Structures are given as C-alpha cells and as structure tokens.
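Notes follow the structure.
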C-alpha cells in the first residue's frame, strides 16, 4: 500500500511521486492550504493539500487527529524560510495528489503530545500510548538491542535454545506463579523465575554454549525496575573460565553500545571486590558517576561518650561511617531535614552532620549539634580522614552495618543527583569476590547470597565447613550507573560440594531430593565445569533509552500492583473452569436469621 515510510523521505527523492500511509499527527488550515503531519513508526512528514484538486481538498478539510490515511504525492523542497530542523524530514514536504481515508478515529482519550499523562491512563490505552514517537523509538531500540545481542552470541558459537515455561516450583528468592494442572488433580506447575536449572542441565547435555532471551516470572513486590513478568538474556557455557566469560560478556556489551548508541565504553571495565564496594560506596552496585565515598570512622568513636556512635562502633555487626559532601555547607537546615527523612526509608534513625565552615579555625569554625559530645582529638581525626575542606558538610551513619550501607549508599546517589555531582555518562563496573553466604539473624541460619548452585572459590572450599562467613564464591555482577545489568557465577559441578552447600543452607537430604532431585541425578553422570550469567534485558534497554522505569520500554507492562488496566487482568474465572482444574469453590451458606455467608 506504500512505497516509503514517512520518516524516511528526504531530499534525494525530490520530484518523485511516492505513496505513504500513517496516522494524522496534527492538521493545520492556513488560509486555504491544508497541512497534515502524517506519522508512522519511522517519523513524521508534512503533506500539503491545495484547492487545485477540489474533491481531495474537501476530504482533507474533514480529517482529524489519529485518522488513518493513504496519500499519493510528489516530494518537493520546502519554500525558503519554512525549513524545520527539528524534523528529520524538515527539508521537504509532500504535495498531495491523491488521498484515501483508510479509517476514521473518534477523539482519542489521551493526547500524544500530553507530557503529564497518568500511568493508569497510558496503560489503559496502551495501543494509543505506543503511537507516541518516544515510545516507538524505545520499542524499536529494544528490537535493535536484542538483534545486536543475538548476532554477537550467534557469531561466538552460542546456541539459542528454549526451556520450559511450565516447570517445577523451586526456591529462588521470590514467590512462584503457580498453574494448576487439569490432568493431575491437586498438582501445580510453576512459571520459571529463571531458566537456571535447565541451562545447567543443557551444559550436562553437552550443548557447550547456550543463550536464550527468556521470559521470567516472579510474584514479588514491585518497583521501578521490577515486573511480575520480565525478560532476561540468559547465558551458560561449559569449559570456560570465569575470567574468559567476563571478558566475552564485556566485549558483547561494548559492541552493543557502539552499535546502538555509538558510545565507546572503557576497555576493560574496572573490577572491584564486593567488600571494597560495600566499604567505599555502601552498595554492591555502586554508581561510579558520583565521586562521593563512605569513610569508616568507627575506630575514632569507640571510646567517646556518645552512645549513638559508640554503640555501633563497638558492635561487631555495627558501622560508623562518614560521607563528605564538597561545598555541602550551603545546604539549609530544611534540606538537611529532608535528607534525614530520606535515609529513614532505609531504617536509619537519624542523620548526624558537621558543617565545616572554616577548617582552619578548628572547632570554632564548625557547626553541628553533635560537637558537644565529641572530644577535640576525635573531631580533628574526622576532618583529617575525610579530607574536609572549608565549606564542606560531613554526614554520618551509625547503626548496624547493613542499615548504614543502605542509607548512606542511597544518600550519596541522591546527593550526586540533587547538587549536580555526576561525572560522565556511562560508568560500567564488574563487582567480584562475593561472599558465598549471608547470615539470617531472624532464622539463625546461613542463606546463599546468590543461589545455592554458585560454586565457592577453589581455595575456599575448605571454609564451607570451618568458616562459611569468610567463604567467597566465583560470582560476578556487571553494574552500570548504579544498576545491576547482569549477575552470574561459576556453578557447582561436583555432587559432594553441592550436597555440602545444601547441608549448610539447612536443606536436608529429602528436601534436596524433592526439589532438585533431577539436578542431583544429572551431577552423577558426567557434569562439565560450567558457568554463566543473566542480563536484565528490560533494565539494559531502560538505561540505554534514558527511560524512567522498565515499564517504559515494555510493550504491555503491568502496573505496580501487578495488574493490566488494558485487559483488566487478573480477572475472575468461571466456576466450571475451576472445577475442571480440581479447585473447590466454597458455596454461600445460609446462617440463622437469613444472612448469607461464605
């Protein structure tokens, strides 16, 4: 029905007759000449209808926004002074020769130019929202990203292999979405939280290099970068060292950014150990664009008469840290109070501070409600260790280490954004040497920091029994601008080590057999050394597109309450469907007095 896309027409076609199709973006009547901006996925082009063709002109007078048209016209240069540098087609226009209305449209419930649309409306009328140029560009970028990733992996010998959607429920950190079986009464499938076990089985099957753009499902509380269903680029390899896999994946991401954004990422990406990341940035996914760092001052506070600092300083699980903000002395008390509320989100009970108005003046040049609790030598040591300059502000966190890390780690990023401290556009990082386990105070047991199939570092295998808290795993996360793009590890490929890890995690022999029996059996029959990684495709595209949430780079996402306003899912089903699935429906019962109850 067309010879060209609207957004592809340029001066090279001048004088040619072409045919285009699209939606009316806007219509303007300028003194007897009608201008229509026609839109398709590739962009806009201006079409001119003049009165020389009365029948066509009469039709053009009646068209409205979002009508679907087919236009035949002649490409011509725009008159002098009417060029539009904001449009890719701004040097030319199309003189209309024939016009066909393919479909009329009612007045749309949302306007494509409205920048303040509520997300509820956008998702309810998603098929209209997706017509917005910014949304079409994001979805097209997503397709370009997946195309580039597939090409790289195909060129490096990876096989694209699908794994099941209906599978067995396994503990992977979130609730499963369950699917009742009609043919096996009382039994349920689970939708996969990830293809983890199946991709390991593929390595045991000799597939050597696997990848999949996989749908994953997790029933968990949502936020900006979470959805109940999301997409991973899932990868697994055999007989490949973690160093080689890291280098290969880094090369893939560098090629992706060059292809899609024409951005040159560093070669190689910097590496940082997990413990260093937590000490310096309070996060295992630090945003390196922010130059602020946490500084430990617990040793300076262990003997002060200020319990707020001394308590955590003398607690083995506590931490006292300082965060120097260059020129932060300009912050008002109101702004400091707002930051205090902010860290409260992460469990912090307050936010102590010192304003260094004049460092050379000593204590007299400082301003803080906590100075009266601190001796001169402690204050001097804090200024020296944080390298405070006149005009700076120093924030403090004192609590359990996890609370301090989360609160000050989030605060450093917020400060970086609020007061314009961000340096550079793209700061990738590999975080390595993760602890194998983390202690759960509530349940008094060890939990796997990643998942129970992650291998310990070879030199740390003996620590599984003697000192699990200091056992490190062969795990690695790729981080970009404070977002975890992907996480992976070398897997356990020896049955004895896997059983030892299960035992340490409190997974007994019978429970392990019930949940992972097929994997444990496979380990007995010639399992190769293997490892892999999974990238959050939605997060990756979100960052590359400059979008606010992953919902803005998904065609049909759910709301933050895991609902779909467009299709009104989840919805009720009939009693007959439930009976077929062997799900009993409680019938209303009459109580004395005539009221009905279930």
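Laboratory data are not the source of any read-out in this text; all were calculated from the coordinates shown. A quick note: this is a predicted structure, and the numbers were derived from the prediction, not measured. Neighbour counts run over all protein chains shown; Cβ positions are idealised from the backbone, glycine included.
Here are some notes:
- Equivalent-ellipsoid semi-axes for segment 6-103 (Cα gyration tensor, √(5λ), whole Å, largest first): 19, 15, 13.
- Likely footprinting exposure, 436, 165, 478, fewest C-beta neighbours within 10 Å first: 165, 478, 436
- Between the helical axis of 401-418 and the longest alpha-carbon principal axis of the chain there is an angle of about 40 degrees.
- Cα Rg over Rh - segment 430-535, Kirkwood: 0.98
- Rg(Cα)/(2.2 N^0.38 Å) for segment 463-598, N = residue count: 1.70
- Take the Cα of residue 55, step 7 Å toward its Cβ, do the same at residue 462, and the gap between the two points is 9.4 nm.
- To the nearest ten degrees, helix 333-344 and the longest principal axis of the Cα atoms of the chain are 80 degrees apart.
- Quotient of Cα Rg and 2.2 N^0.38 Å for the chain, N being how many residues it contains: 1.21
- In the chain, the DSSP beta bridges split such that about 95 percent are antiparallel, to the nearest 5.
- Secondary-structure-derived ellipticity at 222 nm for the chain, considering helices only, amounts to -8500 deg cm²/dmol, per-run term -39500 (n - 2.57) for DSSP H runs with n ≥ 4.
- Neighbour-count ranking [beta-carbon atoms within 10 angstrom, fewest first] of 35, 516: 35, 516
- Compared with the alpha-carbon gap, the fully stretched path from residue 390 to residue 510 is longer by 36.8 nm at 0.36 nm per residue.
- Residues in segment 407-427 that a label on residue 345 would reach, taking backbone N under 20 Å of a point 7 Å out along Cα→Cβ: 407-422
- Here the spin labels are modelled as points 7 Å beyond Cα on the Cα-Cβ line, and at residue 518 and residue 423 they lie 5.1 nm apart.
- Relative contact order of the chain, pairs being alpha-carbon contacts under 8 Å that are 6 or more residues apart, as %: 13 percent
- Global form of segment 292-345, assessed from the alpha-carbon gyration tensor, a/c cut-off 1.5: prolate
- Residues 460, 30, 156, 472, arranged from fewest to most other Cβ atoms within 10 angstrom of their Cβ, appear as 30, 156, 460, 472.
- Per residue, the convex hull spanned by the Cα atoms of segment 194-252 measures out at 103 cubic angstrom.
- For segment 290-423, the square roots a ≥ b ≥ c of the C-alpha gyration tensor eigenvalues yield an a/c of 1.5 or more together with a/b not exceeding b/c, which makes the shape oblate.
- Note: relative contact order over segment 2-79, using C-alpha pairs below 8 Å and six or more positions apart, is 38 percent.
- In this calculation the C-beta distance from residue 336 to residue 371 is compared with R0 = 22 Å, giving a FRET efficiency of 0.90.
- Set of segment 293-329 residues, backbone N closer than 20 Å to the point 7 Å along the Cα-Cβ line of residue 442: 317-318
- Here each label is just a point 7 Å from Cα along the line to Cβ, and for residue 578 and residue 151 those points are 5.2 nm apart.
- Note on residue 107/residue 134: beta-carbon distance plugged into 1/(1 + (r/R0)^6) with R0 of 30 Å gives a FRET efficiency of 0.85.
- The length gained on full extension between residue 276 and residue 19, counted as 0.36 nm times the residue separation minus their Cα-Cα distance, comes to 86.4 nm.
- Backbone N atoms of segment 1-17 closer than 14 Å to the 7 Å Cα→Cβ label point of residue 74 belong to residues 14-17.
- In segment 242-285, inverting the average of 1/r over every pair of distinct C-alpha atoms gives 11.9 Å as the Kirkwood radius.
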